[in-house]
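Chemist: I'd like to ask some things about the structure below.
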Amino acid sequence: MSRLRLIGVARRCADEGEAGRLACGTFTAWVARDEEGSSRDEEGPNLDAVKRHHRLVLGALAEGAFLPAPFGRIYESEAEVRQDLLQRDSRLAPALDRAETHEEWSLRCKPQAAAMQPASTGRAYLLGRQQAKRDIAEALTQANAFRAALTESGGVTDCLALHRDGGELMFSLLVRRDARRHSLDAAEAAAFRLFPGFTTRFSGPWPLYSFSGLKADRDETPEARP
């Protein structure tokens with residue numbers, strides 16, 4: 001018997017009787033059949049399945065406010081889906097309100113020392129790696145100041161931070177659509193001031209993967225991107 005993979009959650013809709021949609025209290029869950037093992041291979045999540053998941057999320061977004069589920073959220077039955085979402089009611093309702101007016105952006109910050117040219121000696125390479133680690137450690141102490149600077153700017157409602165292996169900081173920003181340009185400019189200025197010696201790169205807009213209220217728990221880390 002195939003299991004159900006949660007794509008995401010929308011407000012209750014009139015066509016929820018269609019295949020792949022389940023009524024869950026005041027919400028409609030979008031689901032897909034997940035054959036045993038189809039979402040993962042020996043090395044982790046199946047990339048083709050991740051891309052299909054993201055395409056389904058984008059299709060749902062075209063119909064209105066939508067909260068995307070993290071890839072790989074598997075349930076054994078429709079009843080299990082309904083039970084889980086009903087328990088999240090207090091988080092999902094305000095998150096859907098935010099989805100009407102907000103979008104998610106990613107900001108990646110990487111120490112310039114970690115992006116150096118191939119070293120002529122092993123010693124030079126090791127020195128560069130050590131400097132990159134020091135840069136990351138210093139930047140982590142500024143993460144809360146960065147969050148505060150963004151939320152004070154008025155256009156960023158929330159900000160989550162993650163330190164990735166390989167010497168990279170990633171921030172997920174919950175940005176008001178009507179203040180996008182102002183918010184991204186403020187984020188770039190704050191990163192330049194608080195993370196000297198780092199290169200920065202934005203990507204987005206994304207569905208609200210990190211702010212959907214559908215993670216196992218809100219552990220203050222951004223959601224991985226497809």
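The values are calculated or read from the model by the stated rules, or taken from the named source; none is laboratory data. Computed from a prediction, not measured in an experiment: that's the story for all the values here. Ideal geometry is used to build each Cβ from the backbone, glycine not excepted, and the neighbour counts take in all protein chains shown.
Chemist: Taking into account only those residues within region 71-89 that are among the hydrophobic types (A, V, I, L, M, F, W, C) and under 19 Å from VAL50 (Cα atoms), which is surrounded by the most Cβ atoms within 10 Å (Cβ to Cβ)?
Modeler: PHE71
Listed here are the residues, each with its yes/no results for (1) at pLDDT below 75; (2) among the charged types (D, E, K, R).
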{"residue": "PRO68", "(1), (2)": "no, no"}
{"residue": "GLU80", "(1), (2)": "no, yes"}
{"residue": "ARG91", "(1), (2)": "no, yes"}
{"residue": "ARG98", "(1), (2)": "no, yes"}
{"residue": "LYS133", "(1), (2)": "yes, yes"}
{"residue": "THR157", "(1), (2)": "no, no"}
{"residue": "LEU160", "(1), (2)": "no, no"}
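Chemist: Another one. Test of understanding: among GLU36, GLU63, GLU18, which residue is modelled with pLDDT of 85 or more and in a loop (DSSP other than H, G, I, E, B)?
Modeler: Working: GLU36 fails: modelled with pLDDT of 85 or more; GLU18 fails: modelled with pLDDT of 85 or more.
The conditions single out GLU63.
Chemist: Among the residues of region 58-69, is any farther than 20 Å from ARG177 by Cβ and within 20 Å of the chain's Cα centre (by Cα)? First the steps, then the outcome.
Modeler: Keep residues of region 58-69 that are farther than 20 Å from ARG177 by Cβ, which gives 69.
Subset that is within 20 Å of the chain's Cα centre (by Cα): 69.
So far as region 58-69 goes, yes, one or more of its residues are farther than 20 Å from ARG177 by Cβ and within 20 Å of the chain's Cα centre (by Cα).
Chemist: Being part of a loop (DSSP other than H, G, I, E, B), aromatic (Phe, Trp, Tyr) and at pLDDT 85 or above narrows it down to one of PHE211, PHE192, PHE171, PHE202, so name that one. Explain how you work it out, then say what you get.
Modeler: Details: PHE192 fails: part of a loop (DSSP other than H, G, I, E, B); PHE171 fails: part of a loop (DSSP other than H, G, I, E, B); PHE202 fails: part of a loop (DSSP other than H, G, I, E, B).
Unique residue meeting the criteria: PHE211.
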